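Scroll down for the structure; my scribbles are underneath it.
The values are calculated or read from the model by the stated rules, or taken from the named source; none is laboratory data. Quick caveat: nothing in here was measured; it's all calculated off a predicted structure. When we count neighbours, we look across all protein chains shown, and the Cβ atoms used for this are built from the backbone with ideal geometry, even at glycine. With ligands, DNA and RNA removed, areas are computed over all heavy atoms of the protein, side chains included. Shrake-Rupley method; radii C 1.70, N 1.55, O 1.52, S 1.80 Å.
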Amino acid sequence: MSQDSSDPKNSAPQNEASSSTSKAWGGRFSEATDAFVQRFTASVDFDQRMYLQDIEGSIAHATMLAKVGVLSDDEKQQIYAGLETVRQDIESGKFAWSVELEDVHMNIESALTEKIGITGKKLHTGRSRNDQVATDIRLYVRDAIDSIGKELTRLQEGLLSVAEREASTIMPGFTHLQTAQPVTFGHHLMAWFEMLSRDYDRFMDCRKRLNQSPLGAAALAGTTYPIDRHYTAELLGFDQPTANSLDSVSDRDFAIEFCAAASTLLMHLSRASEELILWTSAQFDFIDLPDRFCTGSSIMPQKKNPDVPELVRGKTGRVYGDLFSLLTLMKSQPLAYNKDNQEDKEPLFDTIDTVTDCLRAFADMVPAITAKKDSMYDAAKRGFSTATDLADYLVRKGIPFRDSHEIVGKSVAYGIEQKKDLSEMSLEELQQFSDTIQQDVFDVLTLEGSVAARNHIGGTAPEQVKKAVATAKQVLASRD
């Protein structure tokens with residue numbers, strides 16, 4: 001995107017102090033900034049990624065200043081043209097980022113002034129870097145949420161394609177990782193879909209709360225210039241300006257909320273990853289992942305390791321750490337802006353990058369999952385997964401549930417001793433535990449009968465899975 005700010009030609013000399021007169025705030029100072037302090041306090045190495053948002057905010061600010069008469073139309077046009085040239089320089093790699101200029105804001109303003117002269121110095125009228133950075137970050141996170149929302153939708157579309165295809169594929173459902181009841185693979189994947197739908201809603205809720213403009217709050221108290229904050233908010237696509245100047249420049253709730261939503265999303269992806277890892281193992285052998293999402297071993301030639309889900313599971317802890325970093329950063333800060341807030345960007349940017357990569361990996365991988373139907377079916381037959389169906393059968397025949405529970409428990413104990421599943425027992429074997437059991441019991445003891453019987457909203461019956469997929473498709477279509 002741009003030249004590496006660590007390039008010597010882009011940085012201040014390592015053994016010299018920076019001239020105080022080169023700083024936008026240098027008039028107050030009689031001693032130059034120490035070279036180490038200059039590097040230590042600079043943020044341009046990481047905040048330069050917000051250059052588009054910074055330019056967008058500056059264009060809106062210049063437009064407003066011209067509207068209220070602080071800038072002439074000619075000056076506004078000069079600023080427009082100059083900022084466009086700066087943008088082109090950045091995107092072509094010609095822009096020389098300077099640590100001496102501290103951050104993305106001063107780098108762009110300095111380049112603008114160099115290109116258009118004194119008019120460039122007028123752009124900062126009525127604003128501060130405090131409200132400028134608060135605006136840039138909100139714009140950046142808003143753009144990130146929009147991008148994440150699209151990737152979440154793409155992942156969910158992939159889930160729907162597999163769930164619809166596997167609506168009747170029977171597998172064991174688990175509690176405590178022990179076989180519990182038979183379910184369909186499509187039903188299981190639709191559980192993932194529901195998790196991700198809540199994640200999508202959380203990000204969109206976060207977007208609503210962050211979509212207020214701090215621009216015009218200036219350093220902390222507002223400005224004496226006749227600015228129109230509603231106008232700049234409208235130009236930047238915000239719903240309204242923020243209500244309090246002190247809070248405007250110091251609030252980072254939106255970044256914390258974003259990282260909290262991201263942490264919940266990664267928790268869900270980690271749970272899904274854990275299941276994918278288990279299912280690809282020889283012990284489960286439920287699914288196959290394409291080779292392009294796996295790696296091998298340098299010593300064991302037979303290995304096919306599910307590295308993508310393992311990495312997503314690992315990166316979850318990284319995002320948790322980013323969230324905790326932001327919470328800790330903000331916990332002791334008095335109003336208003338403090339230099340501590342410079343530390344908000346790296347964990348926030350890391351979360352954005354990590355979430356985006358994990359979603360992309362999952363969205364690419366999930367549609368390519370192959371279900372090993374025979375292995376799933378065989379596993380569902382083990383562990384007496386239709387025991388609850390037998391208990392429900394007895395209840396429908398008039399036996400109290402607790403008595404039914406005991407009858408089925410004894411039947412299972414017999415099955416363990418005889419190494420037989422309930423569906424493999426003869427009617428005579430089952431009747432030794434209750435003569436209420438009749439031939440029709442086998443309609444519910446089969447795996448197919450078990451899943452088909454749960455034919456209600458939210459149930460695992462194939463018919464319900466297909467209805468759930470159809471409803472989900474409508475939900476995704478409404479996001480457009």
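The Kirkwood hydrodynamic radius of region 181-244, based on inverse pair distances between different Cα atoms, is 14.9 Å. With Rh defined as the Kirkwood radius, the inverse of the mean 1/r over Cα pairs, the Rg/Rh of region 124-215 is 1.28. For the cross-link pairs K315/K466; K372/K410; K315/K345, the ones whose C-alpha atoms lie over 22 Å apart are K315/K466; K372/K410.
Computed with a 1.4 Å probe over protein heavy atoms only, the accessible surface of the chain comes to 47 Å² per residue. Local charge for F362 was computed over the other residues whose Cβ lies under 11 Å away, with Lys and Arg +1 and Asp and Glu -1, and equals -1. In this label model, A282 and A477 are separated by 4.7 nm, measuring between points 7 Å along each Cα→Cβ vector. Computed from label points 7 Å out along Cα-Cβ, the spacing between A368 and F324 is 3.4 nm.
For region 233-314, the square roots a ≥ b ≥ c of the C-alpha gyration tensor eigenvalues yield an a/c of 1.5 or more together with a/b exceeding b/c, which makes the shape prolate. The per residue volume of the convex hull around the alpha-carbon atoms of the chain is 198 Å³.
To put it simply, the accessible area of region 280-373 at a 1.4 Å probe is 54 percent carbon and sulfur.
When only alpha carbons are used to place a centre, region 193-210 and region 122-170 end up 10 Å from one another. Per residue, the convex hull around the alpha carbon atoms of region 257-402 comes to 206 Å³. Separation of region 238-255 and region 65-99, taken as the distance between their Cα centroids, equals 25 angstrom. Relative to the longest principal axis of the Cα atoms of the chain, the long axis of helix 73-92 makes an angle of roughly 50 degrees.
With runs of 4+ DSSP H residues as the only contributors, calculate the mean residue ellipticity of the chain at 222 nm using -39,500 (n - 2.57) per run, divided by the residue total and rounded to the nearest 500. Provide the component values of the computation, followed by the final result.
Values: 19 runs with 279 residues, N = 480.
Mean residue ellipticity, 222 nm, calculated: -19000 deg cm²/dmol.
Loop-located trypsin sites (Lys or Arg not before Pro) across region 378-474 with a Cβ neighbour count of 11 or fewer within 10 Å are R382, K419, with loop assigned by DSSP. For region 306-316, putting each phi into the Karplus relation 6.51 cos²θ - 1.76 cosθ + 1.60 with θ = phi - 60° gives couplings of x, 5, 4, x, 5, 5, 4, 4, x, 5, 4 Hz, in residue order, rounded to whole numbers and with x for Gly and Pro. Of G186, A217, C259, which is farthest towards the positive pole of region 107-262's charge dipole, taken about the Cα centre with +1 and -1 on the beta-carbons of Lys, Arg and Asp, Glu respectively? Of the options given, the answer is A217.
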